[in-house]
Every structure is written in C-alpha cells, then in structure tokens.
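Student: Mind looking over this structure? Questions follow.
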Amino acid sequence: MVRVAVIGSCSVDLVVEAERRPQAGETLFGTRFFTTCGGKGANQAVAAARLGATVYMVGAVGTDWYGKTVLDNLRAEGVDTTYVARRDEVATGTAHITLAEGDNSILVVPGANFSVTPVDIDAAWEMLREADVVLLQHEIPPETVRYAVLRLAAAGIDVVLNPAPAADIAPEVQQACRYITPNEHEMQLLFADGDIPPRMRDKLVITRGSAGVDYDVDGTWVRVPAFSVTAVDTTGAGDTFCSAFAVAIAEGEPPAQAIRFGNAAAALAVTGFGAQGAMPRRSAVEALVCNE
Ligand code: RIB
C-alpha cells in the first residue's frame, strides 16, 4: 500500500444546478441544491483513499460546523486528519458551484485554507518525509506551496503539483516537481507564448477533458484518450485524475499506464453528482481499464 500525503484545501461545496447561469442583475430559479464535501486537496485525498492508498491530509478548517463536517467526512473515508488544523479565527473554506449547460463554474472563498503556512508543513514533516508521493494544488497560499515543494524535493520526495486554480509557478518550483498536471487553461497561463522549456516537457501531464491527456515521449506529445462515459457532473474530475495518476506512479507504473489509470478513475467520477460522490474504488477503475 503506497503512502500518499496531500497538502491542500478542505472545503464544503454549495452546489446549485440550473438550466443556465444568470447574467449580471438577473434572478433565475435553480433546479436543485446540495451541500457536499470538496476542496481540491480533500478531493484528492479521498480519491487516493478509495484507490487503496494510505492517505494523510495536511490543511486547515475552522472550528465551525462545516469544519466538523469536513473532518468527519475525511475520517469516514479513511484519511488521517492528524495534520488538519482547526482554527478559531477563520471559517472553513467554501466553494460556490453552479452546474449549468454541461459544465461547472466555481467561486472559492478560501477561509481557513489560506491559513495554511510553512509552519504547518514543518509540523507534519516527520509524516511527509515518509510519503511515497505528495500532492499539492493552488488553493492554499502560494508561499506555502513553494516552501513545501522545495523542501520535499530537497528531501528526494516525489511531488505532483496540480496547478489549479491557474496561477504562475516560479521556475525553481516547476523544476522541483516530479509532475505538474495543468489543464488547457492552466497551460495557457504557465506557458503563454507556447514556449515550453525542454527541461519541463517530461514533467507535464496535460489534461484535456473528454479529449484525454497529453504527455511527452522523447520530444513528442502523445495523447492518452479519455474513456467514453455519460457525464452528469464534471466537478472533481481533475482531482480524481491527479490522485489516481499519483497513486499509480507511486506504485511504480510508467507514465502511460498511470495516465490510463487516472483517465479511468476520472471517467467514473463524472458519472455521479458532487466532487467526491462518484469517485471510484480501485476494483471499478481496474475493471474499466481492463475492459476497454
Ligand atoms: O476541483 C473541484 C473542487 O474545486 C471543488 O470540490 C471545489 O471545492 C473547488 O475547490
């Protein structure tokens, strides 16, 4: 069983489904509302736990009711929450999600997620240094991401950075990651002129939604196609992909197989509502990988 640590956000998702998004100044009726656990970090932790990894979460929530909900959920999923701080002075992070016209749009209120600092990384260091792979995203402060990536890389630990939401990554941080998993939009921000330094190519695993995932093989971009499914909610698909990819890499799979495993997990994740709602267990992922 591989040991996965996730450093990142733990939030509650407030989700509205509607025929279309309201325009500025317009009021519309939604068709459905639900509250569920999310946050890119917690989603990745839950995805890895469902795939059979031993998972540790590093992050922060408030002492409010949402904070308890998030912690209860992580524990119920088998994620170790020793390093998820409860902070009095801030509210638990929330994401305000609209599902409309076949896609989601998300406004994140970071709350306690922005209270995660290098001190939290140091506090979790004895655990982190034993991890087979560490996953990070961009929903905690950039200086914390930077500190964690550089310290982990210096200790020889593989880091998979999911640069979502889109934000610049300093060259030395890019260099310290084992893999970076941008989507097409995040790629634009990272390499606006389309000029990807050769040293970066074998770190990039570029997710392209239902088209699949691109990675570099000896200087050529190779596409691993997505699995064909009927999507009902794409929220959390990227998180599921990153987590499953990282688990497979930590298990020693080569990139092509790890991407296929990630694609299968992500495909299954979009067949149900909520970021974590349809995240699959390993048996379902393996069945899809073998049967196509
Ligand atoms: O990646 C999906 C996640 O992004 C949601 O669960 C929401 O919390 C937002 O942060």
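The values are calculated or read from the model by the stated rules, or taken from the named source; none is laboratory data. The structure displayed is predicted, hence computed values, not measured ones. Cβ: placed from backbone, ideal geometry, glycine included. Neighbour counts: every protein chain shown. To get the accessible areas, we keep the full protein, side chains included, count just its heavy atoms, and leave off ligands, DNA and RNA. Shrake-Rupley method; radii C 1.70, N 1.55, O 1.52, S 1.80 Å.
Student: Residues that are open to solvent by 20 Å² or more (accessible area, probe 1.4 Å) and free of Cβ contacts under 8 Å to residues at least 60 places away in the same chain: find the strands (runs of 3 or more DSSP E) completely inside region 97-180 holding 2 or more of those. Outline the logic, then answer.
Tutor: Working: elements: 103-109, 133-136, 158-161.
Filter on region 97-180 gives 103-109.
Student: Can you name every residue in region 72-96 that is among the β-branched types (Val, Ile, Thr), under 17 Å from the mean Cα position of the chain (by Cα) and not in a strand (DSSP E or B)?
Tutor: 79 - this is the single residue of region 72-96 that is among the β-branched types (Val, Ile, Thr), under 17 Å from the mean Cα position of the chain (by Cα) and not in a strand (DSSP E or B).
Student: Go through 16, 61 for me and flag whichever is assigned to a strand (DSSP E or B), free of Cβ contacts under 8 Å to residues at least 60 places away in the same chain and within 16 Å of the ligand (Cβ to nearest atom). It would help to see each step written out before you state the result.
Tutor: Values: 16 fails: free of Cβ contacts under 8 Å to residues at least 60 places away in the same chain.
Of 16, 61, the one residue that is assigned to a strand (DSSP E or B), free of Cβ contacts under 8 Å to residues at least 60 places away in the same chain and within 16 Å of the ligand (Cβ to nearest atom) is 61.
Student: I've got another one for you. Does any residue of region 239-248 turn out to be crowded, with 19+ Cβ neighbours inside 10 Å and either free of Cβ contacts under 8 Å to residues at least 60 places away in the same chain or basic (Lys, Arg) (or both)? Walk me through how you get there before you give the answer.
Tutor: Taking region 239-248 first, the residues crowded, with 19+ Cβ neighbours inside 10 Å are 239-248.
Narrowing further to those that are either free of Cβ contacts under 8 Å to residues at least 60 places away in the same chain or basic (Lys, Arg) (or both): 248.
Yes, that holds for at least one residue.
Student: Of the residues in region 236-256, how many are part of a helix (DSSP H, G or I) and either closer than 17 Å to residue 280 by Cβ or within 16 Å of the ligand (Cβ to nearest atom) (or both)?
Tutor: 12
Student: How many of the residues making up region 181-208 are closer than 18 Å to residue 244 by Cα and either aliphatic (A, V, I, L, M) or in a loop (DSSP other than H, G, I, E, B) (or both)? Let's see the steps before the verdict.
Tutor: At the first step, the residues of region 181-208 found to be closer than 18 Å to residue 244 by Cα are 181-183, 203-208.
So of that shortlist, the ones also either aliphatic (A, V, I, L, M) or in a loop (DSSP other than H, G, I, E, B) (or both) come out as 181-182, 203-206, 208.
Matching residues across region 181-208 total 7.
Student: Here is a further query. Would you call residue 91 hydrophobic (A, V, I, L, M, F, W, C), within 16 Å of the ligand (Cβ to nearest atom) and touching a Gly at 6+ places or on another chain (Cβ under 6 Å)?
Tutor: Numbers: hydrophobic (A, V, I, L, M, F, W, C): yes; within 16 Å of the ligand (Cβ to nearest atom): yes; touching a Gly at 6+ places or on another chain (Cβ under 6 Å): yes.
For residue 91, the condition - hydrophobic (A, V, I, L, M, F, W, C), within 16 Å of the ligand (Cβ to nearest atom) and touching a Gly at 6+ places or on another chain (Cβ under 6 Å) - is met.
Student: Follow-up question, since we're still on this one. Residues in region 218-229: is at least one more than 16 Å from residue 289 (Cβ to Cβ), in contact with a strand residue (DSSP E or B) (Cβ under 7 Å, 6 or more places away or on another chain) and open to solvent by less than 30 Å² (accessible area, probe 1.4 Å)?
Tutor: First, the residues of region 218-229 that are more than 16 Å from residue 289 (Cβ to Cβ): 218-223.
Remaining after also requiring in contact with a strand residue (DSSP E or B) (Cβ under 7 Å, 6 or more places away or on another chain): 221-223.
Subsequent filtering for residues that are open to solvent by less than 30 Å² (accessible area, probe 1.4 Å) retains none.
No - not one qualifying residue is present in region 218-229.
Student: In addition: If you take the residues in region 25-46 that are of a type in the set (A, V, I, L, M, F, W, C) and in a strand (DSSP E or B), which one is nearest to residue 114 (Cα to Cα)? I'd like the intermediate steps shown before the answer.
Tutor: Looking only at region 25-46, we keep the residues that are of a type in the set (A, V, I, L, M, F, W, C), and these are 28-29, 33-34, 37, 42, 45-46.
Filter once more, so that each one left must be in a strand (DSSP E or B): 33-34, 37.
Details: 33: 26, 34: 25, 37: 18 Å.
So, considering only residues that are of a type in the set (A, V, I, L, M, F, W, C) and in a strand (DSSP E or B), the one nearest to residue 114 (Cα to Cα) is 37.
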